[in-house]
1. Taking the stretch 49-86 on its own, how many of its residues are at pLDDT 85 or above and farther than 11 Å from Ser38 by Cα?
2. I'd like the full set of residues that are among the small types (Gly, Ala, Ser) and more than 25 Å from Phe4 (Cα to Cα), limited to the stretch 32-55.
3. Identify all residues within the stretch 45-76 that are of a type in the set (Ser, Thr, Tyr) and in contact with a Ser or Thr (Cβ under 6 Å, 6 or more places away or on another chain); write none if there are none.
4. Can you tell me which residues in the stretch 31-49 are farther than 20 Å from Ala71 by Cα and among the aliphatic types (A, V, I, L, M)?
5. Of (1) surrounded by fewer than 22 Cβ atoms within 10 Å (Cβ to Cβ); (2) without any contact (Cβ under 8 Å) to a residue 60 or more places away in the chain; (3) out of contact with any Asp or Glu (no Cβ under 6 Å at 6 or more places or on another chain), Ser38 satisfies all except one. Which?
6. Residue check, Phe4 against (1) assigned to a loop (DSSP other than H, G, I, E, B); (2) aromatic (Phe, Trp, Tyr); (3) within 14 Å of Phe79 (Cβ to Cβ), all met but one. Which one?
7. When you look at Val58, is it assigned to a strand (DSSP E or B) and either under 23 Å from Phe4 (Cα atoms) or aliphatic (A, V, I, L, M) (or both), yes or no?
8. For the stretch 1-17, which positions are surrounded by 13 or more Cβ atoms within 10 Å (Cβ to Cβ) and not small (Gly, Ala, Ser)?
Amino acid sequence: MNPFAGRFAGQTAVITGGGSGIGLALAQRLTVEGAKVSAWDISESALNAGSASFAHSVVVDQSDEKAVERATALTLQAFAASKYWW
């Protein structure tokens, strides 16, 4: 039994780099702990491979200010509010 299950229930989190590596691991962990996760990554194929269990995902190049604004708008539209942004 996971002693941390439900610790983030009712919370939302945006995870940058959520398609692979540490970002994916963090997104998966927060999902297990009850958070609704929006995973952001520049790689659509990485997001498709790793984000099936996430509530939301966005392909975004974070070096492009307009793309980040678009991703933010899409995420806020999907969740209304996000408490955690990593």
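The values are calculated or read from the model by the stated rules, or taken from the named source; none is laboratory data. Predicted, not measured: the structure shown is a model, and the values here were computed from it. Cβ placement follows ideal geometry from the backbone for every residue including glycine, while neighbour counts extend to all protein chains displayed.
1. Looking only at that region, the number is 14.
2. Kept after step one, since they are among the small types (Gly, Ala, Ser), are these residues of the stretch 32-55: 34-35, 38-39, 43, 45-46, 49-53, 55.
Ser43, Ser45, Ala46, Ala49 - these are the residues of the stretch 32-55 that are among the small types (Gly, Ala, Ser) and more than 25 Å from Phe4 (Cα to Cα).
3. Answer for the stretch 45-76, where residues must be of a type in the set (Ser, Thr, Tyr) and in contact with a Ser or Thr (Cβ under 6 Å, 6 or more places away or on another chain): Ser51, Ser53, Ser57, Thr75.
4. Across the stretch 31-49, the qualifying residue is only Val32.
5. (1)
6. Only one criterion is unmet by Phe4, namely (3).
7. Considered against the rule, which asks whether it is assigned to a strand (DSSP E or B) and either under 23 Å from Phe4 (Cα atoms) or aliphatic (A, V, I, L, M) (or both), Val58 comes out as yes.
8. Residues of the stretch 1-17 surrounded by 13 or more Cβ atoms within 10 Å (Cβ to Cβ): 7-8, 11-17.
Listed by number, the residues that qualify are Arg7, Phe8, Gln11, Thr12, Val14, Ile15, Thr16.
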